[in-house]
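The values are calculated or read from the model by the stated rules, or taken from the named source; none is laboratory data. Note that the coordinates shown come from a computational prediction; the quantities given were computed from them, not determined experimentally. Glycine also receives a Cβ, built like all others from the backbone with ideal geometry; neighbour counts cover every protein chain displayed. The protein model used for the area step is the full one, side chains on, heavy atoms only, and it has no ligands, DNA or RNA in it. Shrake-Rupley method; radii C 1.70, N 1.55, O 1.52, S 1.80 Å.
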Amino acid sequence: MLLNAPPQFGEMQMNGLGSFKKWTLSVNQLPHKTALQRSDKNEKQRHMMTACAMRVKQAFMLPTILLTGMSILSLGTASQALAQGYYIDEQSAKRLGDAFSGGAADASDASTVFYNPAGMVRLDGMQLVGNLSGVYTQTEVTMSGNSFDASSASMASAIQGQEQVNLDESFLIPSVYFSYQLSPSWHLGASLNVPYSSGSEFDTDFVGRYFSLKSDITSVNLGLMASYRISAKWSVGFGVNSQYIEAEIQNQINSSGICQLGVASGMPSQLCAGLDSSGTYTDDGNVKMTGDDLAFGYTLGVLYQLDFDTRVGLNYRSKISHTLTGDATISAPAIVGMIEPMLTSRVEGGSVELVTPETLDLSGVYQLNEDWHVQATASWFRWSRFETLDIELDNGGGFSTAQNWDDSYRLAAGVGFQLTPNWMLRTGMAYETTPVPDDTVSLDFAFGDFYAVSVGASYAFSETLFFDLGYQHTFSFNRDISQGSLIVDSAEISGNVETSINSLALGVNWLF
């Protein structure tokens, strides 16, 4: 079969055309360290503010949220350069600084709306948190390949073009979180962020062009959450996630190689006379697939105050099942469509099923003394449900590709130190496994197990304004790639992809 479509963390691909990560001025907000968020401090703060000042702050809140939302829609689609990624960790500058450890238990600012909505019960009044993360990726691709050639004794000719490619790319990820204390027991919150995003783009003369030319996937997630304090120790959180995803995938079509497959099947060789020799790219066709979808899921969280110094949180995000609908635009020499009708030049509607996996985060925070705290998180991602990718075309036909992914896990630990009343320092490290087994790893998604280290700081500018800064270095990881088949796909490639990632984020936290 010439048409095949293994995904890259949900990115549609076509094979044969081409195979598709504290503020805590109060450390952890434990009872004896709730600093600026203690009820007595907040009470003092409220009395200090005039009614006029409060109205001014509230008047600026909605425009701030709307502007941040607009930034997410624009920046989130501008330059998705994580050639190896799909889930985006960089949702909080504070969390970035401690390697995303303790997120489901920290509950020290409004980002808990995303990491565990049950933690909102620890926040007084109103809070608005905005973050802007910059991600810089360095990817080295070394690849060689062969195209089917019936005129060669080996039945193959080397694919011509760039065999070594260095992709140094960067992009921005904004996020915004808001929490509101409705009553002593009830809180409401909202989050707007980009939890899933990925992209890569190669030149049309890249050796791996039949397996990957361009891929972009971007999601925007709106979460509406609520929390309820059951008792002094227990609280719960829940809410709905509305997730929009759009994707664009492009691959070149190996016109000469496909024509040579036709010759090997008995077609007169003269029909290929108008095409350049196999392995060249002058007569390549192109396939472009676009699609989008809006779907819904839910979040459940629980927070437990074990004792005066210890807190544990558990957060569950459900799967979200998408059916991306859009168009497939195919452009290729007429002879290609004669050999493989699926590759006839046309524009046709189609759909592909994409499920973002359910996740489970278990976090703990422990206050060692007045100044030091430690925290940790264990996360689980249920990628094992991704067994096949099914693509359907509106005018009939389609195909299914086995994936057989594994569940993936992440372990993270961090430590924080209250340097001065205004400065908090933090650091952390993490380890994460890849869900993609060796037999389905592909060019677009050559993501491997990785280690990461983080550092960060928070500064209290005033009683109502705080700044967070976080940096994480993800150590380089590499995967060996072997994709395609001369007989089935008209081309095959093999090589190696090595990637390292650096992330820097700035966050601002306003208390109202």
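Per the conditions (1) touching an Asp or Glu at 6+ places or on another chain (Cβ under 7 Å); (2) buried (at least 20 other Cβ atoms within 10 Å of the Cβ), the sole criterion not satisfied by GLN162 is (2). Go through (1) crowded, with 24+ Cβ neighbours inside 10 Å; (2) out of contact with any Lys or Arg (no Cβ under 7 Å at 6 or more places or on another chain); (3) polar (S, T, N, Q) for SER235 and report which single condition fails. Unmet condition: (2). The lone criterion from (1) open to solvent by less than 10 Å² (accessible area, probe 1.4 Å); (2) within 17 Å of the chain's Cα centre (by Cα); (3) closer than 15 Å to GLU498 by Cα left unmet by SER442 is number (2). Every test in (1) within 30 Å of PHE148 (Cβ to Cβ); (2) open to solvent by 20 Å² or more (accessible area, probe 1.4 Å); (3) modelled with pLDDT of 95 or more; (4) more than 23 Å from the chain's Cα centre (by Cα) is passed by ASN496 save one, and that test is (4).
When region 306-318 is limited to residues that are modelled with pLDDT of 95 or more and over 15 Å from PHE238 (Cα atoms), the one that is farthest from the chain's Cα centre (by Cα) turns out to be THR310.
Just wondering, is there one or more residues in region 143-157 that are within 25 Å of the chain's Cα centre (by Cα), more than 24 Å from VAL497 (Cβ to Cβ) and surrounded by 18 or more Cβ atoms within 10 Å (Cβ to Cβ)?
no
SER79 falls short on exactly one of the conditions (1) modelled with pLDDT of 95 or more; (2) surrounded by fewer than 24 Cβ atoms within 10 Å (Cβ to Cβ), and that condition is (1).
Of the strands (runs of 3 or more DSSP E) that lie entirely inside region 320-384, those containing 3 or more residues that are under 30 Å from THR401 (Cα atoms) and of a type outside the set (A, V, I, L, M, F, W, C) span 320-331, 346-356.
May I ask you to verify whether GLN260 is within 16 Å of GLY337 (Cα to Cα), touching a Gly at 6+ places or on another chain (Cβ under 7 Å), outside any loop (DSSP other than H, G, I, E, B) and not β-branched (Val, Ile, Thr)? Judged against the criteria, GLN260 is not a match.
Step by step: first the residues of region 277-319, then only those that are aliphatic (A, V, I, L, M) and open to solvent by 30 Å² or more (accessible area, probe 1.4 Å), then the one that is nearest to PRO195 (Cα to Cα). Which residue is that? The selected residue is LEU294.
Selection within region 200-224: residues that are within 23 Å of the chain's Cα centre (by Cα) and among the hydrophobic types (A, V, I, L, M, F, W, C). The member of this set that is most open to solvent (accessible area, probe 1.4 Å) is LEU224. Answer yes or no as to whether THR139 is modelled with pLDDT under 95 and either farther than 30 Å from GLY262 by Cβ or in contact with a helix residue (DSSP H, G or I) (Cβ under 7 Å, 6 or more places away or on another chain) (or both). Spelling it out, THR139 is indeed modelled with pLDDT under 95 and either farther than 30 Å from GLY262 by Cβ or in contact with a helix residue (DSSP H, G or I) (Cβ under 7 Å, 6 or more places away or on another chain) (or both). Looking across region 380-404, the residues that are in contact with a Lys or Arg (Cβ under 8 Å, 6 or more places away or on another chain) and either open to solvent by less than 10 Å² (accessible area, probe 1.4 Å) or charged (D, E, K, R) (or both) come down to ARG382, ARG385. Contact map, region 85-111: residues that are open to solvent by less than 10 Å² (accessible area, probe 1.4 Å) paired with residues that are acidic (Asp, Glu) and assigned to a loop (DSSP other than H, G, I, E, B), Cβ distance under 7 Å, separation 6+ or inter-chain. Pairs shown: LYS94/ASP109; LEU96/GLU90. Filtered by the rule that a residue be at pLDDT 95 or above and of a type in the set (Ser, Thr, Tyr), region 257-301 gives TYR298, THR299.
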